[in-house]
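J.: I have a structure I would like to understand better, so I am pasting it below and will then ask my questions one at a time.
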Amino acid sequence: LLNGTKQMTRTFSLHEFTKVLPNATIKNCADPAALLIEKVAPLGKETGRDLSFIASKKMAGRASASKAAALLVGPDTADGITLPAIVVDDVELALIRILDLMYPPTGPAGRISDKADVHPTARIGSNSDIGPFVSVGENAVIGADCLIEAGVRIGKDVVIGDGARIGA
């Protein structure tokens, strides 16, 4: 696990990315279904199987030196790009959607950290995760399938419903 997400175990085609990116277009790529991406990396850290991104005009000049398999760019930086590219209206939002596709968050698995402080009268629902340095107060109720991340404090008599996600 990496920050509550599974490590990616498969590749994705440029075509698959467009399914989660409304109004995206692909340029400089004859077969978007055949161009496979293993991971996302920033400019300067990318390899030939990575998707990199240009989030501002300041970064556009670095595109020509990119080793990425493809770039994620906005319409204002798409001109002059010779690498395969996904052109989107909002690069940051598109990057979030791509990362969610490639690295989907995992659900809770019913783990309570040995570094959590859970009051004996507190009730924890089935399949809920309680992270390290979490404090759960007297008579607190945490529903089923919850994820309570590191450092959260749940006070006395607090009731949290099923499926909640709470981070510090």
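J.: Count the net charge of all other residues whose Cβ sits under 12 Å from the Cβ of PRO108, scoring Lys and Arg as +1 and Asp and Glu as -1.
T.: So the surrounding residues net to -2.
J.: Direction-averaged shadow area of the convex hull around the Cα atoms of region 1-153, nm²?
T.: On the way: hull surface 44.1 nm².
So the mean shadow area of the Cα hull is 11.0 nm².
J.: If you roll a 1.4 Å probe over the heavy atoms of the protein chains, what accessible area per residue do you get for the chain, in Å²? Walk me through the numbers on the way to the answer.
T.: Numbers: 9350 Å² over 168 residues.
Spelled out: the 1.4 Å probe surface of the chain, per residue, equals 56 Å².
J.: For region 110-160, restrict the atom set to alpha-carbon positions and state the Rg and Dmax in Å.
T.: Taking only Cα atoms of region 110-160, I get Rg and Dmax of 9.2, 22 Å.
J.: Oh, and also: How much net charge surrounds ASP90 when only the other residues with a Cβ under 14 Å from the Cβ of ASP90 are counted, with Lys and Arg +1 and Asp and Glu -1? List each step's numbers first, then the result.
T.: Working: positive: ARG97; negative: ASP76, ASP89, GLU92.
For residues surrounding ASP90, the net value is -2.
J.: Under 17 Å from a point 7 Å along the Cα-to-Cβ line of ASP90: which residues of region 24-52 have their amide N that close?
T.: 24-25, by backbone N distance to the label point.
J.: In the full protein assembly as shown, how much of LEU36 is accessible to a 1.4 Å probe, in Å² to the nearest 10?
T.: Taking all protein chains as shown, LEU36 has close to 60 Å².
J.: Right, another one. Go through LEU93, ALA122, PHE12 and say which Cα lies farthest out towards the positive end of the charge dipole of the chain; charges sit on Cβ, +1 for Lys and Arg, -1 for Asp and Glu.
T.: Of the candidates, PHE12 comes out farthest on the positive side.
J.: Sticking with this structure for a sec: Given only helices, namely DSSP H runs of n ≥ 4 each adding -39500 (n - 2.57), what is the per-residue ellipticity at 222 nm of the chain, to the nearest 500 deg cm²/dmol?
T.: Taking each H run of at least 4 residues, the total per residue is -3000 deg cm²/dmol.
J.: Another question, if that's okay. When the solvent-accessible surface of protein heavy atoms is calculated with a 1.4 angstrom probe, in what order do SER128, SER135 fall, highest first? Intermediate values should be presented prior to the final figure.
T.: Details: SER128 5, SER135 40 Å².
Reading off the accessible areas and sorting them downward yields SER135, SER128.
J.: Please list, by residue number, everything in region 86-126 whose backbone N is under 15 Å from a paramagnetic label point 7 Å out along Cα→Cβ of ASN23.
T.: Once the point is set 7 Å along Cα→Cβ of ASN23, 87-95 turn out to lie under 15 Å by backbone N, inside region 86-126.
J.: Kindly express, to the nearest 10 degrees and within the range 0 to 90, the angle between helix 91-102's C-alpha long axis and the longest C-alpha principal axis of the chain.
T.: 60
J.: Where Lys and Arg each count +1 and Asp and Glu each count -1, what net charge lies around GLU149 among other residues with Cβ under 13 Å from its Cβ? Provide the component values of the computation, followed by the final result.
T.: Working: positive: ARG111, LYS115, ARG153, ARG165; negative: ASP129.
Taking every other residue near GLU149 into account, the sum is +3.
The values are calculated or read from the model by the stated rules, or taken from the named source; none is laboratory data. As the structure is a computational prediction, the values presented were derived from the model and not from experiment. Cβ atoms come from the backbone with ideal geometry, glycine included; neighbour counts cover every protein chain shown. Quick note on the areas: whole protein, heavy atoms, side chains included, nothing else; ligands and nucleic acids left out. Shrake-Rupley method; radii C 1.70, N 1.55, O 1.52, S 1.80 Å.
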